[in-house]
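Here is the structure we will look at.
The values are calculated or read from the model by the stated rules, or taken from the named source; none is laboratory data. Note that the coordinates shown come from a computational prediction; the quantities given were computed from them, not determined experimentally. Note that we place each Cβ from the backbone using ideal geometry, even for glycine, and neighbour counts take in every protein chain shown.
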Amino acid sequence: MACQKCASFPPRGIHESHCVNALYSFVEFAESAGDPMTTATFARVRTLESPWRGVLAVSLTLAVLLPTVFLGAMRASAATANPNAKYLQVYDNNVENLLTAAETCAGDWQDLIHYMVSQANAPDLFLVQQVDEAKLITLVAKMEDLLGLDYAWIISNRLAGDTIEKCNGEKQVQRNAIIYRTGRLAPVSGFTVSWQSKHEVGGSCVLNNQDRTVGIRMTFNDRLNTGKTVTAASLHWATGASDGPPCAEINATEAAAQVAAPGSSLTIMAGDTNVTDLNASNGWRPWYSKINGDLGGSLGYRDVIYDNCREDTDGSASAIKACLPWTLVDTDRRIDFMFGRLSGGRLPFIGSEHTITFNEGDAADQAQTGSDNASLNYSEHRAVMARIHYNTTNT
């Protein structure tokens with residue numbers, strides 16, 4: 001408020017240049033925060049001559065800059081853009097077309113976005129399953145509103161045109177999508193692909209006929225890590241009712257080939273496989289043994305949650321299996337996964353890997369809004385998050 005002294009000229013004890021210089025310091029803060037309105041407005045100050053420059057400094061400080069600073073203070077506890085070039089902050093969730101309290105299949109999808117806000121880093125990538133285009137736009141708008149960052153998205157092709165009658169038609173159209181932070185990732189032209197996963201018919205694995213089983217792949221240049229590229233994919237395989245699990249090994253092999261095709265520095269794929277890693281005898285299923293590089297699998301991917309359990313236990317198979325958390329509501333089934341792989345088949349270092357509980361989503365919503373319906377979950381699937389590095393170690 002010291003600049004109020006510049007309202008009369010000449011100011012008593014303070015030259016108008018002091019106020020202007022102070023204003024410039026605030027301008028630099030606003031510019032570094034990426035506030036385009038404030039940046040453009042205050043650029044005009046630099047073109048004015050004394051004494052009007054000082055007068056304008058006062059009025060702009062009070063009318064424009066201070067609300068911006070106050071807004072920044074209110075958001076001080078929110079997640080910020082990931083400043084670390086070593087890794088990408090990645091989330092994955094089957095959002096079930098954004099469940100709300102008023103729907104037949106009720107939920108509170110915004111809990112998950114509030115959880116994102118409560119973390120240190122906002123998502124660089126959010127891989128999403130079972131969402132239509134309108135709901136995807138709603139989701140991205142909410143992320144931008146609460147996180148204060150810019151995001152863009154791409155959604156899988158609608159090939160089959162099927163509709164889902166579950167939940168009284170509230171999930172009629174279900175597709176898969178990639179949401180990315182534009183300040184970090186720049187799409188590479190010509191490397192976006194959709195492909196259809198398979199299900200079993202008459203003892204053979206053939207292309208499934210559902211929109212929700214179309215995967216989507218996209219390749220990016222990393223704006224923060226010059227020369228690094230990343231290919232990400234969002235997956236959803238057919239359910240047991242649609243005979244998807246018998247084709248899991250083929251689907252894993254084809255998905256790995258899709259994300260490997262661009263030859264990126266880092267490849268990430270995540271989604272809802274609708275088949276567990278463990279069988280009824282508590283042994284690894286063939287598809288999972290093949291994809292998990294820590295188990296010696298030929299596809300050579302690191303499962304971020306397996307990696308976490310390997311580090312948090314004595315490393316024995318029994319301890320790791322006991323540690324692995326469920327992801328599908330009202331079951332003990334883990335069917336949602338996030339995998340990463342470096343060029344040359346190396347396994348990436350993974351940090352802060354976590355399966356986000358519904359209680360954590362409720363707590364974040366309560367803390368940020370002052371209210372939450374704890375009886376409602378953000379989805380029927382628990383989300384997975386991790387920091388996936390470009391190196392094999394945390395360097």
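Taking the criterion of being in contact (Cβ under 8 Å) with a residue 12 or more places away in the chain and under 18 Å from Ala319 (Cβ atoms), the residues of the range 289-299 that qualify are Asn292, Asp294.
Condition test on Lys198, is it assigned by TED's automatic domain parsing to the domain that holds Gly344, of a type in the set (Lys, Arg) and at pLDDT 95 or above?
Judged against the criteria, Lys198 is a match.
Please work out if Thr392 is part of a loop (DSSP other than H, G, I, E, B) and either over 21 Å from the mean Cα position of the chain (by Cα) or closer than 19 Å to Gly271 by Cα (or both). Yes. Of all residue pairs spaced 6 or more apart or on separate chains, those with beta-carbon atoms under 8 Å, a first member in the range 153-177 that is part of a strand (DSSP E or B) and a second member that is at pLDDT 90 or above and of a type in the set (Lys, Arg) are Ile155/Arg175; Arg175/Arg212; Asn176/Arg212. Listed here are the helices (runs of 4 or more DSSP H) enclosed by the range 300-381 that have at least 2 residues being without any contact (Cβ under 8 Å) to a residue 40 or more places away in the chain, touching a helix residue (DSSP H, G or I) at 6+ places or on another chain (Cβ under 8 Å) and assigned by TED's automatic domain parsing to the domain that holds Pro286: 304-312, 317-323. Of all residues in the range 202-261, those that are part of a strand (DSSP E or B), in contact (Cβ under 8 Å) with a residue 60 or more places away in the chain and among the aliphatic types (A, V, I, L, M) total 6. Scanning the range 178-187 for residues that are more than 20 Å from the chain's Cα centre (by Cα) and either assigned to a strand (DSSP E or B) or assigned by TED's automatic domain parsing to the domain that holds Asn274 (or both) turns up nothing.
Considering only the range 135-151, state which residues are farther than 28 Å from Gln172 by Cα and in contact (Cβ under 8 Å) with a residue 60 or more places away in the chain. Leu147, Gly148, Leu149, listed by residue number.
Listed residues Val173, Val188; which is modelled with pLDDT under 95 and surrounded by 14 or more Cβ atoms within 10 Å (Cβ to Cβ)? Break it down stepwise before answering.
Working: Val188 fails: modelled with pLDDT under 95.
Only one candidate passes the filter, namely Val173.
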